[in-house]
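The values are calculated or read from the model by the stated rules, or taken from the named source; none is laboratory data. Since this is a predicted model, take the numbers as computed values, not measurements. Quick reminder, even Gly has a Cβ in these numbers, built from the backbone with ideal geometry, and neighbours come from all protein chains shown. For the accessible areas, the whole protein counts, side chains as well, though only heavy atoms, and no ligand, DNA or RNA atoms are used. Shrake-Rupley method; radii C 1.70, N 1.55, O 1.52, S 1.80 Å.
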Amino acid sequence: MEVKHLKVFGWSASLVFFREKRHCDVCKKVRSELIEWLCPKSPHITMELSWWINKLSEVTSVLAVSKLESVDKMACYRVDHYILKRLLQGYQIPQVTHIAVDEVYARSPKQQGKDETRDDLFLTVILDIKTHKVIWVADSRRREALDDFFKIIGSEACSKIKVVATDQHEGYSASVAEYCTNAVVVLDRFHLVQNFNEALNEDRKDELDQIDPEGQMGDMMNGKYKCKFLTKAANRSEKDNRHIEYVTKLNKKMAQLEIIKERFHQIFDAPSVIDAQVILAEIFQWSMDIHARGIFNWIRNIMKDLRFWNYFENRYSSGVIEGTNRAIKGLKWQAYGYKDMEYFKLKIMQKVGYLNSRFALKWMYELKSN
Ligand SMILES: [Zn+2]
């Protein structure tokens, strides 16, 4: 046999030796000798190299690791998957009090199996708001995904959870209501802003239909500038602000929508629920006055939602959810969409959770020595 080992001073190193094959009476076939320091999933790679490949894959893509270490691409995937699975065996979900639950789109409809629904194309990601780490990833975005998580951590850990931030998805809220009786559900700000922006964008499209879409003004309000209209003024570039200034000078409705949007963002800085209610009532009235049906309908819905008002009593940084969401999207770019969902789940926990050498060092060495 020839097996690959860690490089020595930049030189590739392999071990060449004989591996015995014998007939096994139990299996009734020829089996190879067990060699503990070879990776069971890729017998031409030593365990030392396997741990190293896994460690490198924490900081770069598996494809890059494959080139760097001159190891076959598919072998790298297998090895990385295997090590992550071993790390998962030693993993214990940490105690949490504030969690966020988010759905992540993981597969295209083409990959949907026969007995699966659209919900199965998603994963449920659970993160600790205080440490900013993903602590668990479950299949599908169904209520059962969260139920299973609560069952794994047990009723005592569930009772310590105080805040669960989530989007408007009813399934998750139902699960929290059943398992975490001490928790309040809070609508997560990142998704709230996303939904508000969708409503605002509808109103932009409505106005575009009112004017000549082919004319100069129509061109300035076109979908290609969508982002400029949805971004908070303070976060826009100077150039974008000039664009908006130009449009809002000439189009009254767009100016009014701009004012509503800016006022909406102020809600999150409101010092109390009462102040927030005043702002929401205000923009509700404004949207009615100018016939902005997108925003009007959105506010009418959100006003009745207790989970929205809970936010003002249980504030937390929404950057956590947004950042994790972005990191997971980036991860998807690195591989071919991670067709293997089990592997994708492990990769999420490696890159934005605890399944890596930074956090798992202790149990990693315990596993290594066993
Ligand atoms: Zn056997």
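Taken about its Cα centre, the chain carries a charge dipole of about 1380 debye when Lys and Arg each add +1 at the Cβ and Asp and Glu each add -1 at the Cβ. Computed over neighbours whose Cβ is under 14 Å from that of Tyr316, the net charge equals 0, Lys and Arg +1, Asp and Glu -1. Using the average count of surrounding beta-carbon atoms within 10 Å as a protection proxy, the listed peptides 122-131, 34-43, 266-275, 346-355 rank, highest first, as 346-355, 122-131, 34-43, 266-275.
Helix 341-351 and the longest principal axis of the C-alpha atoms of the chain enclose an angle of approximately 80°. Applying 1/(1 + (r/R0)^6) with R0 = 51 Å to the Cβ-Cβ distance of Lys224 and Ala177 gives a FRET efficiency near 0.75. Rg/Rh for the range 190-310 stands at 0.97; both radii use Cα atoms, and Rh follows the Kirkwood definition. Using a Gaussian network model of the chain with C-alpha springs under 10 Å, which one of Lys345, Lys252, Lys29 is most mobile by mean-square fluctuation? Result for the chain, Cα springs under 10 Å: Lys29 fluctuates most. Largest first, the residues Glu58, Glu20 sort by 1.4 Å accessible area into Glu20, Glu58.
Computed over protein heavy atoms with a 1.4 Å probe, the carbon and sulfur contribution to the accessible area of the chain reaches 53%. Scattering from the range 284-323 was approximated by placing one identical point on each alpha carbon and applying the Debye formula without solvent; log10 I(q)/I(0) at 0.19, 0.26 1/Å stands at -0.70, -0.83. Neighbours of Leu346 by Cβ distance under 9 Å: Lys/Arg scored +1, Asp/Glu scored -1, total +1. Considering only Ile161, Met1, Val65, and ranking their Cα positions along the charge dipole of the chain that arises from unit charges at the beta-carbon of Lys, Arg, Asp and Glu, the one farthest toward the positive end is Met1.
Ellipticity at 222 nm from helices only: DSSP H runs of n ≥ 4 in the chain, each -39500 (n - 2.57), divided by the residue count, give -16500 deg cm²/dmol. Under the combined filter of DSSP loop state and at most 15 neighbouring Cβ atoms within 10 Å, the range 177-247 retains these trypsin sites (Lys or Arg not before Pro): Lys232. Among the lysines, which have Cα under 22 Å from the Cα of Lys160 when same-chain residues fewer than 8 positions away are ignored? Cα-Cα hits under 22 Å: Lys130, Lys133, Lys151.
Kindly express, to the nearest 10 degrees and within the range 0 to 90, the angle between helix 47-59's C-alpha long axis and the longest C-alpha principal axis of the chain. Here the helix axis deviates by roughly 10 degrees. Ranked by solvent-accessible area (1.4 Å probe, protein heavy atoms only, all chains present), the residues Cys27, Cys158 order from largest to smallest as Cys27, Cys158.
Projecting the Cα positions of Gln277, Gly294, Asn222 onto the charge dipole of the chain (unit charges on Cβ atoms of Lys, Arg, Asp and Glu, taken about the Cα centre) puts Asn222 furthest along the positive direction. For the chain, relative contact order (Cα pairs under 8 Å, six or more residues apart, normalised by length) works out to 16 percent. When DSSP beta bridges are restricted to pairs lying wholly in the chain, around 75% turn out antiparallel. Taking a straight line from the alpha carbon of Lys249, these lysines sit under 22 Å away, with near neighbours fewer than eight places off in the same chain left out: Lys205, Lys224, Lys226, Lys228, Lys232, Lys239, Lys261. At a probe radius of 1.4 angstrom, the accessible area of the chain per residue rounds to 54 square angstrom.
Length available on full extension from Leu68 to Gln112: 0.36 nm per residue minus the Cα-Cα distance, which gives 12.4 nm. Angle of helix 170-179 to the longest C-alpha principal axis of the chain, folded into 0 to 90 degrees and rounded to 10: 60°. For the chain, the fraction of C-alpha pairs farther apart than 38 angstrom is 36 percent.
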